[in-house]
1. Tally time: how many residues in region A:145-189 are touching a helix residue (DSSP H, G or I) at 6+ places or on another chain (Cβ under 7 Å), away from chain B (no Cβ under 14 Å) and either part of a loop (DSSP other than H, G, I, E, B) or modelled with pLDDT under 90 (or both)?
2. Filter region B:33-79 for residues that are in a helix (DSSP H, G or I) and of a type in the set (Ser, Thr, Tyr); which is nearest to C:Glu186 (Cα to Cα)?
3. Out of region A:118-130, which residues are closer than 24 Å to A:His93 by Cβ and either among the basic types (Lys, Arg) or modelled with pLDDT under 90 (or both)?
4. Need the failing condition index for A:Gln86 against (1) outside any helix (DSSP H, G or I); (2) more than 13 Å from every other protein chain (Cβ to nearest Cβ); (3) of a type in the set (S, T, N, Q); (4) under 21 Å from A:His158 (Cα atoms), just the number.
5. Give me a count of the residues in region A:89-117 that are part of a loop (DSSP other than H, G, I, E, B) and hydrophobic (A, V, I, L, M, F, W, C).
6. Scan region C:66-75 for residues that are aliphatic (A, V, I, L, M) and either facing chain B (nearest Cβ under 10 Å) or touching a Phe, Trp or Tyr at 6+ places or on another chain (Cβ under 9 Å) (or both) and report the count.
7. Quick one: how many residues across region C:53-70 are in contact with a helix residue (DSSP H, G or I) (Cβ under 8 Å, 6 or more places away or on another chain) and under 25 Å from B:Cys148 (Cα atoms)?
Amino acid sequence: MPLLELKNIKKSFDSNVIIKDLSLTVEKGEVIVILGPSGCGKSTLLRCINGLETIESGEIFLDGEVISNRTKDMHLIRQKIGMVFQSYDLFPHLSVMKNLLLGPKHAHEMNFNIEQVQKEAEMWLDRVGLADKKNAYPRQLSGGQKQRVAIVRMLCMHPEVMLFDEVTAALDPEMVREVLDVMMNLANDKKTMLIVTHQMQFARAVADKIVFMDAGEIVEISTPEEFWTNPKTERAKKFLSNFEFESRHH
Amino acid sequence: MDFSFIKQVTPMYKEAAFLTLHLALIGILLSLLLGLACALVKYYRIPVLKRIVGAYIELSRNTPLLIQLFFLYFAFPRMGIKLSSVQCAIIGLTFLGGSYMEETFRSALESVSKVQIESAQCIGLTPRQVTQYVILPQAFSVSIPGFCANVMFMIKETSVFSAVALADLMYVAKDLIGLYYKTEESLLLLCIAYFILLLPISLIAGFAERRLRYAQFGR
Amino acid sequence: MLSSDASVNMLDAIREAFGVLTMGTNTLRLLGGLWVTVWIALVSVAFSIVLGFLFGMLMTVKNRVVKTVCRIYLEFMRIMPQMVLLFLAYYGLTRMFSISLSGEAASILVFTLWGTAEMGDLVRGALESVPNHQYESGRAIGLTERQIFFYIIIPQTLRPLLPLSMNLITRMIKTTSLVVFVGVIEVVKIGQQIIEANRLTVPTASIAVYFVIFMMYFFVCWILSLAARAVERSQKR
């Protein structure tokens, strides 16, 4: 049974239909990269999966359980589906370590052993190269450092599925690589990830599957190799041509 | 400048200042509670209550304290509700201050960005936990400069209490001018009294605002 | 505080009180009194806007002495309650400098000084919030400093100032309620005259009179604040 399943999802804002009739399955340990032009609904899709947006029709299943449009206990679902945003919102009034421990400390349903979580958090901080920052405050960190902390904060909740919404889009170019390296590490650890990004070379290297979206629907699903060397649809070809330039010099 | 006169009447000013401060503090405390309750009602859009709060805020912000006091002190007795000067002063000040506090707290609550709230939701916190551990702490520090400004405003507003026959600073000054014609001395002491009451708060407010800016932007 | 058969008495009292308003020219006189307050506020605001603009520009001057003097003036006007300032102008000027000002004149003087300080601070804030690269863009297309100031900077400062000034007007109208303490015959004074004149015939007159005064201030200020909000909203678009 797939870990995450979306069946015939429809989502509109007022009169604009953002997502029309979308279906997708995600297996455990799969890394899926979602590509597409701006405004095609990629971010909205991620936000529907963890309940930040409600859907008009269709259903979303996690481990066979319906999680879409829940009115109660949505926080239990969000303990299992983690998300990292473009704006890496760390809580400014808490130190890095307190940021990391806030979720586990209050998730009584998951019975975390706080000492264990703390050791784990320190191990993760070390792995992402921020071991010395555990008592620092967010205002003292650079964008790339904050984003890495945001990713660790999500990891401390041991989510089953990880959602990444254009997490490097707001970073200076020099800091993008350090964040992508962390995500590559997670992929190698066989975590289940849904990534929305514009980093093409990274997408090609990290993905098990490429899902190409346009105007609210899935146009093409292929392996990275197929997608770049031999796209099946016209729209995919058009999208990829945006990133290629003919040199002035011959 | 008659310094012996100044020495003679300083105790009167001191007593009046204490009275002013005493009433102001009660008013500030009550309006803080009232304002906080109203702000939460408006922030969470609680039906029915939010309309009542809205009407209260419009009434309170668009009428001068003096008129509110006159109404309480002169009109209420005719309706059978007799209030003492002190009661009028505290009720009036709380009524007025509550709406100013509401504005401060509500804008502080709204300053916590939607993404912050979503980030908190995404690590699995319940709505109550999100409010308690993420929204309120941040709103608290944001509200401090506005709160200090309200405190200053309310202490200044107490200068109308002489209208309801309270022996506050204005009353003492006017009395002394009328009785002894020592205008310069009386007015000087009056200014000094208010300076002593208000300057410290003005400085604290400025200090708090700079600390807040540092905490948010690290500069 | 509240007697047991109060509710019936209260309604009677209220009904009786409102009768006062229909008598003679009472309501008209009250409106006249309100006009006195509003007029004082409008004149003061007019002066404050003009002088405030100049004061605001003065505050952005690079000279440290000028800046400090301006700051002291601003803080003094901000810290002192308006009542105290009224007393200083009305009693202080009379006895100390033999300048005898009428209640109205003293009020206008005080509110203008106060309004200029507040307005000046708003103008200074608006001037300082214009980003530096506006000046740089002006220079880059070859304008002189004076041209930049008049054609680029000033128009940008005017936009946020409109709703802020309306907010100041509303505050000023509320504060003019204090002029009753310096002998100006305004709405409260007239109200008290009406109550006194009808002390024996309509003893509960104060209910209606003060209620009407309350509502008058409310409507004037409320409409102004609604207008200010409408202006703000139209600017956001």
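The values are calculated or read from the model by the stated rules, or taken from the named source; none is laboratory data. These figures come from a predicted structure and were not determined experimentally. When we count neighbours, we look across all protein chains shown, and the Cβ atoms used for this are built from the backbone with ideal geometry, even at glycine.
1. The total comes to 5.
2. B:Tyr73
3. Once the filter is applied, which keeps residues that are closer than 24 Å to A:His93 by Cβ and either among the basic types (Lys, Arg) or modelled with pLDDT under 90 (or both), region A:118-130 yields only A:Val128.
4. It fails just one condition, (2).
5. So the count comes out to 5.
6. Of the residues in region C:66-75, the ones aliphatic (A, V, I, L, M) are C:66, C:69, C:72, C:74.
Checking which are either facing chain B (nearest Cβ under 10 Å) or touching a Phe, Trp or Tyr at 6+ places or on another chain (Cβ under 9 Å) (or both) leaves us with C:74.
Final tally of qualifying residues: 1.
7. Count: 4.
Conditions tested, residue by residue: (1) under 25 Å from C:Leu178 (Cβ atoms); (2) touching a helix residue (DSSP H, G or I) at 6+ places or on another chain (Cβ under 6 Å); (3) polar (S, T, N, Q).
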position: B:Leu59; (1), (2), (3): yes, no, no
position: B:Thr63; (1), (2), (3): yes, yes, yes
position: B:Gly80; (1), (2), (3): no, yes, no
position: B:Phe95; (1), (2), (3): yes, yes, no
